Amino acid sequence: MALAHLLVVSGGKRVSVPEGLVAEAFRRAIDGLLSAGPPERRLVLAGLGLSAAITSIALVPRHPQTGEVWPCDARAVVPLAADV
């Protein structure tokens, strides 16, 4: 579900994904589904203990009991199940 949400908030623009677990989960699909060319947006992981420097798209965990997403200042937020 997070991938579908990411595709929508990307507006079809290329998204860069930093190395790590987020790249392992999303990069192949993003590269195959979004337009070619240089990245115009950047996907970062947001949440407790992570950098607050978010400019484009934040992958944000939902609270396991309330379902609320972690607050952040990203232009677009992609909710992610807490257990992921």
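Values as computed for the structure displayed
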{"read-out": "Members of the stretch 25-84 that are surrounded by fewer than 16 Cβ atoms within 10 Å (Cβ to Cβ), in contact with a strand residue (DSSP E or B) (Cβ under 7 Å, 6 or more places away or on another chain) and touching a residue at least 60 places away in the same chain (Cβ under 8 Å)", "value": "81"}
{"read-out": "Subset of the stretch 40-76 [under 17 Å from residue 25 (Cβ atoms) and either of a type in the set (A, V, I, L, M) or assigned to a loop (DSSP other than H, G, I, E, B) (or both)]", "value": "43, 44, 45, 46, 47, 50, 57, 58, 59, 60"}
{"read-out": "Single residue of the stretch 4-18 satisfying the filter (among the aliphatic types (A, V, I, L, M) and over 15 Å from residue 55 (Cβ atoms)) that is nearest to the chain's Cα centre (by Cα)", "value": "6"}
{"read-out": "Members of the stretch 14-24 found to be surrounded by 12 or more Cβ atoms within 10 Å (Cβ to Cβ), out of contact with any Ser or Thr (no Cβ under 7 Å at 6 or more places or on another chain) and in a loop (DSSP other than H, G, I, E, B), listed by number", "value": "17, 18"}
{"read-out": "Tally of residues being among the aliphatic types (A, V, I, L, M) and either under 14 Å from residue 84 (Cβ atoms) or touching a Leu at 6+ places or on another chain (Cβ under 6 Å) (or both) across the stretch 8-25", "value": "5"}
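No value in this document is a laboratory result; all are computed from the given coordinates. These figures come from a predicted structure and were not determined experimentally. Backbone-built Cβ (ideal geometry, glycine too); neighbour counts: all protein chains shown.
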